[in-house]
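Values in this text are rule-based calculations from the coordinates and carry no lab data. Everything numeric here is computed off the predicted structure, so don't read it as measured data. Virtual Cβ from ideal backbone geometry, glycine too; neighbours counted across all protein chains shown.
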Amino acid sequence: MNRSSIKIINPDSAGIDIGASSHFVAIPEGRDNEIVREFECYTPDIQRMISWLKKCSIKTIVMESTGSYWIPVFEMLEQAGFEVNLVDAHHVKNIRGRKSDVIDCQWLQQLHAHGLLAAAFRPEDKIVELRSYLRQRSMLIESAATHVNRMQKALVQMNIHLQNAISDITGVTGMAIIRAILRGKTNPKELAKMRDPRCKQPIEVIESSLQGNYREEHLFALQQAVNAYDFYQNQIRECDEAIKKNSKC
């Protein structure tokens, strides 16, 4: 690539090569004695990076959107007033003309200066925030499901086949019965009476499913699974509140 023949579009540009432990930053020639500097990944170092970029009159910055390490750097730079652009790493690699003695951050800076990089789409900050809450909620639901499986395993080990009698052991009937078992109630007739009136299974079927071998170690495992399930349900409720609050803003 003959850079001298290509018009400079973004003269006040910088390129950042994002890493797990440090970030390399390149600026145009003539802005400082060092046109490439390395900053560690810690917040004070990113703040020093911001100060240096401002001192060098940088207005627009480009970085590759790889992994998750770019997120705090992007957010802090944007909060500091810079125009920050994300680019696809594959797009950068497909541009011909790179010289072997140019490091990644300089290559990004040069391409951005000449307007050769297309910024990847990034929604507005409120949408990004909402997506983060939704991803967190999804992970919590997956974690809760793991402990439902452990509840189910503990019940089967006691030969309690509650899943054959009701469709969802975490429903009103299922959890009422499970919590009663953990309180020491093991009489199948008494437990079966806790079924929800809308439950379609005959009470006799539920009674049969609750005649189990209530060993202490299995009850312990069941209690642990229920405690963990309850914890994640509470976390999900807190997440729902955060999503509701975010949606009103």
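Can you check what the net charge comes to around GLU241, using other residues whose Cβ is under 13 Å from the Cβ of GLU241 (Lys, Arg +1; Asp, Glu -1)? Net charge around GLU241: +3.
Of LEU182, LEU111, LEU222, the residue with the greatest mean-square motion in the GNM of the chain, using alpha carbon springs below 10 Å, is LEU182.
Using C-alpha pairs below 8 Å separated by at least 6 residues, the relative contact order for the chain is 18 percent. Considering only Cα-Cα distances, which of the following residue pairs are longer than 19 Å: LYS126/LYS248; LYS7/LYS54; LYS7/LYS55? LYS7/LYS54; LYS7/LYS55, as the Cα separations exceed 19 Å there.
Each Lys and Arg contributes +1 and each Asp and Glu -1, all at the Cβ; summed about the Cα centre of the chain, the dipole is approximately 700 debye.
Taking other residues whose beta carbon is less than 11 angstrom from the beta carbon of ALA180, and scoring Lys, Arg as +1 and Asp, Glu as -1, yields +3. For the chain, the residue among VAL84, ALA20, GLY184 whose Cα projects farthest onto the positive side of the dipole built from Cβ charges is GLY184. A Förster radius of 30 Å, combined with the Cβ-Cβ distance separating GLU241 from VAL172, puts the computed FRET efficiency at roughly 0.85. Rounded to the nearest 5, the antiparallel percentage of DSSP beta bridges internal to the chain is 45%.
For the pair SER132 and ASN159, the difference between a 0.36 nm per residue extended length and the Cα-Cα distance amounts to 5.6 nm. Each residue in ARG198, ARG31 was given a count of other beta-carbon atoms within 10 angstrom of its own, and listing them fewest first yields ARG198, ARG31. Just one of [x] 1.62; [y] 1.04; [z] 0.95 is Cα Rg over 2.2 N^0.38 Å calculated from these coordinates, so which is it? So the structure-derived entry is [x].
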